[in-house]
Structures are given as C-alpha cells and as structure tokens.
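The values are calculated or read from the model by the stated rules, or taken from the named source; none is laboratory data. Predicted model, so just to flag it, every value in this text is computed and none were measured. Quick reminder, even Gly has a Cβ in these numbers, built from the backbone with ideal geometry, and neighbours come from all protein chains shown.
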Amino acid sequence: MGGRPIVLRKWSRGMNMEMERLKTIPIWIRLPQLPLHLWGKRMLIKLASAVGNPLYMDSSTANRSRIEYARICVEISASSSLPDFIRLREGIDEDLTGRI
C-alpha cells in the first residue's frame, strides 16, 4: 500500500506486538515476455539477481507450463526500491531490456 510492502505474520499467544524493523523481505517478481532462449534455470536466476537474491520460482515457471511471464521470489533489502526494468547484455552488440 502506498508503494510499501505489507508484511503479515501468523499470530501466536504472547506475540510481541511492537513494530519490528525488517532488514530484508521476500517478494515475488514477474518477468514478462521473455524470449524462449532465456527460460533456462541459470538464466532466470541471473535475471532475478538483478533485483535481489533469488530464493525460488513458482512451479509454472520451473515447469515452463506458462511462458507469458516468469515468476520468481527474491529477497531484497527492506529499504530498497524496485527497478521498473532490468538490462541484460547479450553478446557484444545486443542489450535486452526487460520490464519487471
């Protein structure tokens, strides 16, 4: 909300209700309209690394059963802002820019 993540935790008896400062948060990112040659596991991890520390990908991405977009969970700094685009140099003369 308002460009900030909402973090939910399971309630437990005796839970400390003080606001806790988070250093990192896991988020899901989408990498839409990727060319088919970028759908290898190592390449998807490399792309996700431009945003944060890749944790895992959803089953549709891992199985390549949906290729409209790749969906990957990455861990980012709670204070960082997300890029709108990532750039990948592919070969000597070719740069790819991808929307997130």
Selection within the stretch 8-44 - of a type in the set (A, V, I, L, M) and under 18 Å from residue 87 (Cα atoms): 29, 31, 34, 36, 38, 43, 44
Selected residue [surrounded by 10 or more Cβ atoms within 10 Å (Cβ to Cβ), at pLDDT 90 or above and hydroxyl-bearing (Ser, Thr, Tyr)] from 77, 59: 59
